[in-house]
Amino acid sequence: MRRLRCEALVVGAGPAGLVAASELAACGTDVLLVDDNPIPGGQLTKQIHKFFGTTEHGAGTRGYVLADQLVRRALERGVRFLPGVRAIGAFSEGIVLADTQDELSIADPACGVVAVGASERGAAFPGWTLPGVMTAGAAQTFVNQHRVAIGERVLVVGAGNVGLIVAYQLHQAGIRVVAIVESQPEIGGWAVHASKVRRLGIPILANTSVAAVRGSGSVNEVSLLRGEGGSSIEETVGVDAVCLAVGLAPRTELLQQLGCRLDFSSALGGWLALHDRELRTTIPGWFVAGDAAGVEEAAVAMEEGRLAGLGAAHFLDRLAKGAFETARAKAIGVLDELRTGPFCQARDTAKRAVWAGAS
């Protein structure tokens, strides 16, 4: 088994991992970045829309372009990136890594950042295994990366930001989105995204859920239950694809193997590694960032990656205390600002509960 030498290991090359690795390298750390995908950038590589927010976090930049910028910065700073390599387990000897040919390596870093993101949730209903029922991430991979239409008439399930954005992207690809359905009384996404899809004539149906999907060999129609409680009315709609945007859950497998204590937060996606405000887990030297630390927005993932990278560099004595405290205060201030507003209030409250549990 090949042994890989590094001071710090960053697992996950999405926005959080790229920024964390970049900050570590900027401090002179020998950092190894691994990701099981052949192309770095994580979910950003699937995003064709322009981001909101600040210039520092990609405002006005399309997701795949922002990914290229983050990758270029990390490589210019000296980050060693291994594409197509996944961390398959944490053992006493170190972190075991496997490449696409299942060749094993082992890394034994002095510290690390886990930024493995989140996994998509599914939804079970009669017919959910039919070809044509897929998650939002799968739809984006087909349409945005491979230019393959997932159908001619598509129903999107879930009116959070992901569902609203995916509906818009499907429309851009020439696919008719017959509706976006949301089981809750109110949509969960930003009004700016909802307004955009409504202007396109895509209806957003609240208090509506999928009763069943039917078809012979693939999706042909979907039955919807509309209305509240006992007043529900069933309606059948002809579609050939159903796109599920019903939430994300932090990935915790590697963190559990490292021995990190977990906490549960419904507002942040479910089980996640317990961590303090500086993203330190309960295992000394190991940090968590991005959606693995609680599902939020891309800008938050980048800033958490920055804070985790700075913390790891300080842990390794690659960043002096004074410089760390100054950079730490700035990053925390930015994160506090990103979590302001009514849409972020529940997540901000949930994060503070997680930090309190780690103290």
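Here is how the numbers come out for the structure above:
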item: Search result, residues across the stretch 207-257 that are within 25 Å of the chain's Cα centre (by Cα) and open to solvent by 30 Å² or more (accessible area, probe 1.4 Å); result: Ser209, Val246, Gly247, Leu248, Arg251, Glu253, Gln256, Gln257
item: Residue list for the stretch 219-235, filter: assigned to a strand (DSSP E or B) and modelled with pLDDT of 95 or more; result: Glu221, Val222, Ser223, Leu224
item: Filter result (outside any loop (DSSP other than H, G, I, E, B) and open to solvent by less than 50 Å² (accessible area, probe 1.4 Å)) within the stretch 69-80; result: Leu70, Val71, Ala74
item: Only listed residue being closer than 30 Å to Glu221 by Cα and either touching a residue at least 40 places away in the same chain (Cβ under 8 Å) or basic (Lys, Arg) (or both), chosen from Gly127, Gly112, Gly89, Gly58; result: Gly127
item: Criterion violated by Ala289 - all others in (1) over 20 Å from the mean Cα position of the chain (by Cα); (2) in contact (Cβ under 8 Å) with a residue 12 or more places away in the chain satisfied; result: (1)
item: Hits in the stretch 91-123 - residues which are part of a loop (DSSP other than H, G, I, E, B), within 19 Å of Cys260 (Cα to Cα) and open to solvent by less than 70 Å² (accessible area, probe 1.4 Å); result: Pro109, Ala110, Ala115, Val116, Gly117
item: When residues of the stretch 189-205 are limited to those that are part of a loop (DSSP other than H, G, I, E, B) and open to solvent by less than 40 Å² (accessible area, probe 1.4 Å), the one modelled with the highest pLDDT; result: Ile202
item: Number of the condition not met by Pro40 [criteria: (1) part of a helix (DSSP H, G or I); (2) in contact (Cβ under 8 Å) with a residue 12 or more places away in the chain; (3) touching a Phe, Trp or Tyr at 6+ places or on another chain (Cβ under 8 Å)]; result: (1)
item: Enumerated strands (runs of 3 or more DSSP E) restricted to the stretch 248-301, each holding at least 2 residues that are in contact with a helix residue (DSSP H, G or I) (Cβ under 7 Å, 6 or more places away or on another chain) and closer than 20 Å to Gly122 by Cβ; result: 248-250
item: Residue check for Ser183: small (Gly, Ala, Ser), in a loop (DSSP other than H, G, I, E, B) and touching an Asp or Glu at 6+ places or on another chain (Cβ under 8 Å); result: no
item: Residue in the stretch 147-155 that is in contact (Cβ under 8 Å) with a residue 60 or more places away in the chain, in contact with a Ser or Thr (Cβ under 8 Å, 6 or more places away or on another chain) and either acidic (Asp, Glu) or in a helix (DSSP H, G or I) (or both) present; result: no
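The values are calculated or read from the model by the stated rules, or taken from the named source; none is laboratory data. Remember, it's a predicted structure, so these values are computed and weren't measured experimentally. Cβ atoms come from the backbone with ideal geometry, glycine included; neighbour counts cover every protein chain shown. All accessible areas refer to the heavy atoms of the entire protein, side chains included, with ligands and DNA or RNA removed. Shrake-Rupley method; radii C 1.70, N 1.55, O 1.52, S 1.80 Å.
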